[in-house]
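Participant: First the structure, then my questions, so here it is.
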Amino acid sequence: MCSAAQSPPAPVPGASYAAAAVTMAHYKAADSKREQFRRYLEKSGVLDTLTKVLVALYEEPEKPNSALDFLKHHLGAATPENPEIELLRLELAEMKEKYEAIVEENKKLKTKLAQYEPPQEEKRAE
């Protein structure tokens, strides 16, 4: 009594058109939002940057173990510098210069001091 293949329910006149119209409106709204988002990404340079990083990964002779780490590293290098980071780099460079100057001054003072102090062996003999 049961047939192996059942036929779909009979269409209601006009219902399929209304459902199609609602579905089409939904797709148009979604497509419009997607298109706006795509334009936003394009204007802000995200698409170009992602494309360049992905091409770099593709052209990499030996693929890295973690593609995600590769992307993070290369995207991090592509971001503009934070002004605070630049200030810290300048401060670090200044501190390195001061350190080198102090080390050099220390060497000179040790040499000068050695002229006025008796050698260590003479001190022990006293």
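Please treat every number below as a calculation from the coordinates, not as lab data. None of these values were measured; they are calculated from a predicted model. Reconstructed Cβ throughout: ideal geometry from the backbone, glycine too, with neighbour counts over all protein chains shown.
Participant: Could you check the spin-label model distance between MET95 and ALA56? Points 7 Å from the Cα along Cα→Cβ, value in nm.
Facilitator: Modelled inter-label distance: 2.8 nm.
Participant: So how do 105-114, 44-53 stack up, highest first, on mean other-Cβ count within 10 Å?
Facilitator: 44-53, 105-114
Participant: Right, next: Fully extended, how many nm does the chain gain between GLU42 and LEU88 (0.36 nm per residue separation, minus their Cα-Cα distance)?
Facilitator: Here the segment from GLU42 to LEU88 would lengthen by 13.3 nm.
Participant: How many lysine pairs are close in the stretch 55-115, with Cα atoms under 19 Å apart and the two 8 or more places apart or on different chains?
Facilitator: Lysine pairs meeting both conditions in the stretch 55-115 amount to 6.
Participant: By the scheme Lys and Arg +1, Asp and Glu -1, what is the net charge of all other residues having a beta-carbon under 14 Å from that of GLN36?
Facilitator: Net local charge, GLN36 excluded: +3.
Participant: Sticking with the crude label model, points 7 Å out along Cα→Cβ, report the distance from LYS33 to TYR116 in nm, one decimal please.
Facilitator: 8.1 nm
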